Each structure stands twice: as structure tokens, then as C-alpha cells.
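Read through the structure below, which is laid out as C-alpha cells, and then see the notes.
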Amino acid sequence: MRFLLRKLGLYVFIAWAALTLNFLIPRLMPGDPVSILIARSEGQIEPEARDAIAAQFGITDDPLIVQYVGYLGDLARLDLGVSLSQYPVPVIEIISQSLPWTLALVGVATIVSFVLGTGLGVLLAWRRGTWSDHVLPALTFLNAIPYFWMALILVLLLAVTVNIFPAGGGYDRAIFPELSVQFVGSLIYHAALPALTIVIGSFAGWVLQMRNMTVTILGEDYVSMAEAKGLPNQMVLFSYAARNAILPSVTGFALALGAVVGGSMLTEVIFNYPGLGYALFQAVTAQDFPLMQGLFLIISLAVIVANLVADIAYVFLDPRTRERA
């Protein structure tokens, strides 16, 4: 319990540092969003409205500490400001609309990739020295393919050449978005190719990491002792080898889950998928600083929470952690 409390205190401090940096960086940058918005309006916004718009963006002449207190108060009310490119839509509304798309696509694909890759890695380690060794070069080659290349290859093969899947979009625009079998089927159909890209793109990495760690653990003395005692192979493999070998993968998986909130930006951009990664791409393209600030904040907090979950998982998976605590 003391270990978890120390970790919780550490992550609370990191979260506070992330919030503070998120407050300071836009205010230390040259220019301001109000000037950009007025310049883009091409005379449609009267100069007299400048003060009112500045108040909406949280830009005031108050001392920095007063602005900081107001910023924390706005965060407590989930007020992340107003989007510059989609003015006057609130940033939190854009994020809340994009987040479910990313969680459903990237979240599910990441979990499937981790489970399949970890399971196959354990199997290949247990069958080392047999046919399984011939699979390793193919996995190494697959792991070396850049992410966006994988997406482009699958689009060319399965969307353009064979025309099995749509090349982009979240659903068929001819279908009205509602809770119906037709609409849900369209969602799954359009998400299949981006999900396949994510699974294939990260699958080989999980397999190789888990396979190499399990092979190392299988050479430890305590595993040899377990085999000498005549314990069943399944118990030796899963209770002695795989349980310890999976610890580094847990950290990587936690980071991957944290990155889920940010979305696989390249995948979402290539497939024109309406998730957080695509929203971030649009925000960067349009120099929408309030939206970028909100997205970076959500991504930072997601990574912090994912690391905290990984530390909690470590406590249950590794008895040495409990002893040191």
C-alpha cells in the first residue's frame, strides 16, 4: 500500500506539472489566437468585438497567477476554451465527439494486438529450436515496416485493387447516424481496415519482445528447478516463465494504452477517420492553438493514468515489488 501511495503522489505531481506547462506554453508563445481569428475573418469580425473574443479565449491583462487560478477553475468545470478553427465551438465538445471513435478503433485494436502477440510470443519461446524459429525472420521484417507504409499498402491492396474495404471515413454517409443494425454494421465495416493496420503494425513487436523475454526466463535456475521437480509443462511455462517475462510488456502496453487517447494519428489521417488523431492533425494544420492545447492535455493525462495502472499491475504480478514496498 505504501508503494502505491508513493506512486500516486508522484503521478499527482506529474499531472500538476503537465497542467502547469499546458497553461504556460501558449502564453509564452508569440502572437495570440484573437489576432489570428480576426485576420482569418477578413473583416467579418468588428474590432470592437476583440475584447469579448479575448475573454472567451481566457486572454486578459490580469497577473499570471490570477490567470493560473482561473485556468484551474476552468479545468475543474471541464472548460478547455473555444476552438479557433471551428469558432465558437468549445474544445471539450470537439474532444468528446472524437474520443469515442479513437477509443473504439485504436483501443480495441491495441488490446487485440497485445493479446495475440503476447500469446504467440510465449508459444514461439516454448517451441524454440523447432519450426517456430523460421517464423522469426518474417516477424522481424514485419516489425521493420513503417506504420504509414503498412497503412498505404493495405489501402492499395484491399481498398483500391480488391475493393473489399472502403478507403476512408467512419461510416457510410448515406446512412443516418443512429443506433441501428445498419449503422453499426457500417461503423464496423469502415473500421476494419484501419484496425487491421494497427494490429499488423504492432503485432510483430509484441511477439518478438515476449518471445525473447520468455526464452531468457526459461534459462533461469528457478525454472530449471521447477522442471526438475516434475511440475506440469503448462505450470512451468505460465506460472514461472510467462508471468515474469510479461512484466516489460506490461509497461509497453500501458504506454500503448496511453497513446490510444492520442489516437494513431497517421492511421486516422490516412483513412480520414474522425478520431482524436485526425482532430489533432486538423488543429495543427489550422494553427488552432486552443484545440491543440486541449488535446495535448487529454493525451498527457491519459499517459499518466496508464502508467499508474501499469504500476498497480506490477504490484500484483511481481511479488518483489510488494516486498520492496
Number of positions in the range 164-216 that are surrounded by fewer than 16 Cβ atoms within 10 Å (Cβ to Cβ), under 30 Å from Val236 (Cα atoms) and not polar (S, T, N, Q):
0
For the range 63-103, which residues satisfy the criterion of being touching a residue at least 12 places away in the same chain (Cβ under 8 Å) and out of contact with any helix residue (DSSP H, G or I) (no Cβ under 9 Å at 6 or more places or on another chain)?
Gly70, Asp74
Of the numbered conditions (1) farther than 25 Å from Gly121 by Cβ; (2) of a type outside the set (Ser, Thr, Tyr); (3) at pLDDT below 85; (4) open to solvent by less than 10 Å² (accessible area, probe 1.4 Å), Leu276 satisfies every one except a single condition; which is it?
(3)
Test: residue in the range 147-154 that is in a helix (DSSP H, G or I) and at pLDDT below 80:
yes
Exception for Tyr68 within (1) within 26 Å of Pro274 (Cβ to Cβ); (2) surrounded by 15 or more Cβ atoms within 10 Å (Cβ to Cβ) falls at (1)
Report, by residue number, each residue of the range 217-243 that is open to solvent by less than 60 Å² (accessible area, probe 1.4 Å) and either assigned to a helix (DSSP H, G or I) or under 20 Å from Leu139 (Cβ atoms) (or both).
Ile217, Leu218, Val223, Ser224, Ala226, Val236, Leu237, Ala241, Ala242
Check whether at least one residue in the range 244-267 is within 20 Å of Gln86 (Cα to Cα), buried (at least 22 other Cβ atoms within 10 Å of the Cβ) and hydroxyl-bearing (Ser, Thr, Tyr), and report yes or no.
no
Among Ala55, Ala49, which is the only one that is aliphatic (A, V, I, L, M), open to solvent by 40 Å² or more (accessible area, probe 1.4 Å) and modelled with pLDDT under 80?
Ala55
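The values are calculated or read from the model by the stated rules, or taken from the named source; none is laboratory data. From a predicted model like this one, the values you see are computed outputs, not experimental measurements. Note that we place each Cβ from the backbone using ideal geometry, even for glycine, and neighbour counts take in every protein chain shown. Note: accessible area is taken over every heavy atom of the protein model, side chains too, but ligands, DNA and RNA are not part of it. Shrake-Rupley method; radii C 1.70, N 1.55, O 1.52, S 1.80 Å.
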